[in-house]
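To start, the structure under review is shown below, and the notes come after it.
The values are calculated or read from the model by the stated rules, or taken from the named source; none is laboratory data. Predicted, not measured: the structure shown is a model, and the values here were computed from it. Cβ sites come from the backbone with ideal geometry, for glycine too, and all protein chains shown count toward neighbours.
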Amino acid sequence: MRSPIKYYVLALLFLGHYACKKAPDLGYFEGSEDIGPVKQAGSLRFSPSDSSYTISASGSNMWFDTDEFHFVWKKMTGDISLAADIEWITEGVDPHRKACLIIRQGLEPNSAYADAVVHGDGLTSIQYRDVSGGPTREVQSNLSKPKRIRVEKEGDYLSMSLALADGQLVSTGGSFKLPFKEPFYVGLGVCSHNAEIIETVKFSNVVIETLSQKPDSLKKVESTLETIPISSFDRKVVYHTQSHLEAPNWSPDGKNLIYNSGGLLYKIPSSGGQPQLIPTDFAKRINNDHGISPDGKQLVISDQTETGKSLIYSLPIAGGLPKKITPLGPSYWHGWSPDGKTLAYCAERNGNYDIYTVPTVGGKETRLTSAEGLDDGPDYSPDGKYIYFNSNRTGTMQIWRMKPDGSDQEQITTDEYNDWFAHPSPDGKWIVYVSFNTEVPSGSHPPNKDVMLRLMDLETREIQVMAKLFGGQGTINVPSWSPDSQRIAFVSYRLK
């Protein structure tokens, strides 16, 4: 008589063998499924010969607070990158159909995620939902129709690289902070952007890598000049470079941005393009405290060439010989009165940093603040009734405002963060400012820190976080609103 246990073991072995033979080969990945209530079921075809993944999928969208798409995934931990060549097989119905490289917290349709995505019309961006059920945001690249794409997770920061026809992957800039709990899901996704239609994408040369940690001392800074609208907080890359650039000003006609880099000033179209040097004669040590006159005809700079201390000068908007305005230093310009007659600045006199004003043509300076602590970053409201500034007189750095003669000083923000460089919008409805975490000393605004761009409605005092990024010094030191009050220019950074 044969043992029942033996038959049970044999049956298990047979079923296991059968299951192994029938289980689909997913290559790198562990699972393949539709996410969300898709109407048309998706599918995957993996080719071991060339390690390609052909995904067919429907799905109404990957946006807002929920998603519909087909996802091929594996669970991972740590710092990783995922790269692939992307080829649309179907001609396409909707230009917003999406082929994605995804890092996702979970398989729920409203899960937090980040993805590097190529749309059907070639638009390429890195999208993200930073909390479950929250809105989707994006950082649009200034490159389109890439041959290859990569998404990278380093610590809590997500970024994207693209390769065009030459096949060389280059960083696109515009990284953002989004912490994932381990393990998370990494994989490939397709959404047709039309619930009734199935689109097909081939992902080839797929590479998943574990990234090794590199000390910050061995990394180099990358800078990304970006714009962000107050209506959606969807960022757009204007210019990305491995050079260190800072502090964009938006020209009054809306056509150009001016920033400093390496002690010099540059101009670039606000829609993107190549920067042009602005000639500044002897001034070769310009810092990030510079700006444009209300009529758009003059520049003001803070430069250290002459004495080693920052002094304020003016020059024509197209460049030229700087004319000294403040003989005493250090003086750091921050605001221009709406009538064009007065400059506001931070200056150190006898060991104290306070807010001062001076006529644009030069003359006697007027001290406006005298409280203990640091007062910095003065900028005029568009009606000229207030000067906004930041002060750590209460312990943390907070946003304040006062009348142009220094009277009626009033605290505007009262939170735990260190808030710097408030800039009123041209229509007077908003201020934007940068916030440092509490571990940063209140009297400093260092580079290469986790910061937030925040927007305050001046009528309701409601505060919104526009972006969480790696930045600080150089991000938004000077006025950088678009003339229509709809967008803000800023600089984000990355150490790589």
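Tabulated values for the structure
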{"read-out": "Check on Gly273, closer than 22 Å to Ala489 by Cα and either at pLDDT 95 or above or not charged (D, E, K, R) (or both)", "value": "yes"}
{"read-out": "Selection count, segment 412-448, where residues are part of a strand (DSSP E or B) and over 15 Å from Ser381 (Cα atoms)", "value": "6"}
{"read-out": "In segment 36-87, residue nearest to Pro183 (Cα to Cα) [restricted to those that are among the hydroxyl-bearing types (Ser, Thr, Tyr) and not in a loop (DSSP other than H, G, I, E, B)]", "value": "Ser81"}
{"read-out": "Residue check, Val451 part of a strand (DSSP E or B), in contact (Cβ under 8 Å) with a residue 60 or more places away in the chain and of a type in the set (A, V, I, L, M, F, W, C)", "value": "no"}
{"read-out": "Complete set of residues in segment 186-242 that are part of a loop (DSSP other than H, G, I, E, B), surrounded by fewer than 19 Cβ atoms within 10 Å (Cβ to Cβ) and over 24 Å from the mean Cα position of the chain (by Cα)", "value": "Ala195, Glu196, Ile197"}
{"read-out": "Qualifying residue in segment 350-360 (condition: in contact (Cβ under 8 Å) with a residue 40 or more places away in the chain, out of contact with any Gly (no Cβ under 6 Å at 6 or more places or on another chain) and of a type in the set (Gly, Ala, Ser))", "value": "no"}
{"read-out": "Residue within segment 18-41 that is modelled with pLDDT under 95, outside the structural domain of Leu82 (by TED's automatic domain parsing), farther than 29 Å from Val139 by Cα and among the hydroxyl-bearing types (Ser, Thr, Tyr) present", "value": "yes"}
{"read-out": "Near pairs, Cβ below 8 angstrom, 6+ apart or cross-chain, from segment 386-402 (in the same structural domain as Asp427 (by TED's automatic domain parsing) and over 20 Å from Thr357 (Cα atoms)) to any residue that is among the aromatic types (Phe, Trp, Tyr) and modelled with pLDDT of 95 or more", "value": "Thr396/Tyr417; Met397/Trp420; Met397/Phe436"}
{"read-out": "Residue within segment 41-59 that is in contact (Cβ under 8 Å) with a residue 12 or more places away in the chain, in contact with a Pro (Cβ under 7 Å, 6 or more places away or on another chain) and more than 22 Å from Ile197 (Cα to Cα) present", "value": "no"}
{"read-out": "Residue check for Ala283: outside any loop (DSSP other than H, G, I, E, B) and crowded, with 17+ Cβ neighbours inside 10 Å", "value": "no"}
{"read-out": "Strands (runs of 3 or more DSSP E) (entirely within segment 295-378) containing at least 2 residues that are small (Gly, Ala, Ser) and either farther than 21 Å from Trp400 by Cβ or modelled with pLDDT of 95 or more (or both)", "value": "331-336, 342-349"}
{"read-out": "Selection within segment 112-129 - without any contact (Cβ under 8 Å) to a residue 60 or more places away in the chain and in a loop (DSSP other than H, G, I, E, B)", "value": "Asp121, Gly122, Leu123"}
{"read-out": "Cβ-Cβ under 7 Å pairs, at least 6 apart or on other chains, segment 202-222 side within 17 Å of Leu26 (Cβ to Cβ), far side loosely packed, with under 13 Cβ neighbours inside 10 Å", "value": "Lys202/Ile89; Ser204/Asp50"}
{"read-out": "Count of segment 403-432 residues which are touching a residue at least 24 places away in the same chain (Cβ under 8 Å), under 17 Å from Thr357 (Cα atoms) and surrounded by fewer than 20 Cβ atoms within 10 Å (Cβ to Cβ)", "value": "4"}
{"read-out": "Failed condition for Ile312, given (1) within 26 Å of Gly296 (Cα to Cα); (2) exposed (fewer than 14 other Cβ atoms within 10 Å of the Cβ)", "value": "(2)"}
{"read-out": "Selection status of Asn142, farther than 20 Å from Ile197 by Cα and not assigned by TED's automatic domain parsing to the domain that holds Leu225", "value": "yes"}
